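Read the figures in this text as sums done on the coordinates, not as results from a lab. As the structure is a computational prediction, the values presented were derived from the model and not from experiment. Every residue, glycine among them, receives a Cβ derived from its backbone with ideal geometry; neighbour counts consider all protein chains shown.
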Amino acid sequence: MLSGRDLGCTHAGPYFVASRGPFLEANDFHEIEVARREWHFGAIAHVLSVYEARRSPGGELLRRGVNSLQFMHDGERWWILSCIWDNEREGVRLPKDLEP
């Protein structure tokens, strides 16, 4: 259920870096993929990537969530077309089929 608060934003590459850079420069942050589901059709792919975020490798778990990525293959390489994510929180937990 939507709460009326901002749930996301869009950024082109340089704007994303500018918006996150100060936090990442001031804080240790490590995100690792712990599970993945992929779907391919021709030159397109959709990936759900489950992540865990910590201040250091093996450190205390800060949060888990899912990155949703769309890709296109141009005949030579895969390009990320979009990426959106959401964190687990009260009332929003990973579904069993995405559990690591």
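Within the chain, which is the longest segment containing none of the trypsin sites (Lys or Arg not before Pro) that sit in a DSSP loop and have at most 15 other Cβ atoms within 10 Å? Let's see the in-between values first.
Values: sites that count: ARG5, ARG55, ARG77, ARG93.
Formally, the longest exposed-site-free interval is 6-54.
Can you pull the one-decimal nm distance between simple spin-label points at VAL92 and ALA26, each 7 Å off the Cα toward Cβ?
My value for the distance between the label points is 2.4 nm.
What FRET efficiency comes out for ALA35 versus HIS73 if R0 is 25 angstrom and r is the Cβ-Cβ distance? Round to the nearest 0.05. Show your work: numbers first, answer last.
Values: r = 23 Å, r/R0 = 0.92.
It comes to 0.60.
Charges only on Cβ, +1 for Lys and Arg, -1 for Asp and Glu: so what's the dipole of the chain about the Cα centre, in debye to the nearest 20?
Values: 12 positive and 15 negative charges, 35 e Å.
So the dipole magnitude of the chain works out to roughly 160 debye.
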